[in-house]
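S.K.: This is the structure, below, for whatever I ask next.
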Amino acid sequence: MRQINDAHVAVPGLAVVEVAAADDATAFAVQELLAARFAVAPADRTTREPGEPGVRLRFFLNLHEDADA
């Protein structure tokens, strides 16, 4: 698992989060967990890569803005 370096999140901005999950429900559950803490520009659909198992969900996350802001 990659570690986030503090220098990468020292200034406000968006991070692209890509979730790889077994199914849609799991991918959206991860998005909801992050949205409970951070401001999220949610994705509304997953993608499937031919020949790869599971699904991917990509969305934007602002690490410096609370969810209720």
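S.K.: Scanning for something open to solvent by 60 Å² or more (accessible area, probe 1.4 Å) and either part of a helix (DSSP H, G or I) or in contact (Cβ under 8 Å) with a residue 40 or more places away in the chain (or both), does region 32-52 turn up at least one residue?
M.R.: There is at least one residue in region 32-52 that is open to solvent by 60 Å² or more (accessible area, probe 1.4 Å) and either part of a helix (DSSP H, G or I) or in contact (Cβ under 8 Å) with a residue 40 or more places away in the chain (or both).
S.K.: For region 53-62, what are the residues that are open to solvent by 50 Å² or more (accessible area, probe 1.4 Å) and in contact with a strand residue (DSSP E or B) (Cβ under 6 Å, 6 or more places away or on another chain)?
M.R.: Here is the first cut: in region 53-62, the residues open to solvent by 50 Å² or more (accessible area, probe 1.4 Å) are 53, 56, 58, 60.
Residues satisfying the conditions are ARG56, ARG58, PHE60.
S.K.: In region 9-24, which residue that is loosely packed, with under 11 Cβ neighbours inside 10 Å and out of contact with any Phe, Trp or Tyr (no Cβ under 8 Å at 6 or more places or on another chain) is modelled with the highest pLDDT? Please lay out each step first, then the result.
M.R.: The first filter runs over region 9-24 and keeps only residues loosely packed, with under 11 Cβ neighbours inside 10 Å, leaving 10-12, 16, 22.
Subsequent filtering for residues that are out of contact with any Phe, Trp or Tyr (no Cβ under 8 Å at 6 or more places or on another chain) retains 10-12, 22.
Working: ALA10: 54, VAL11: 58, PRO12: 61, ALA22: 96.
Among those residues, the one meeting the criterion is ALA22.
The values are calculated or read from the model by the stated rules, or taken from the named source; none is laboratory data. None of these values were measured; they are calculated from a predicted model. Cβ sites come from the backbone with ideal geometry, for glycine too, and all protein chains shown count toward neighbours. Areas reflect the complete protein model, heavy atoms only, side chains present, ligands, DNA and RNA absent. Shrake-Rupley method; radii C 1.70, N 1.55, O 1.52, S 1.80 Å.
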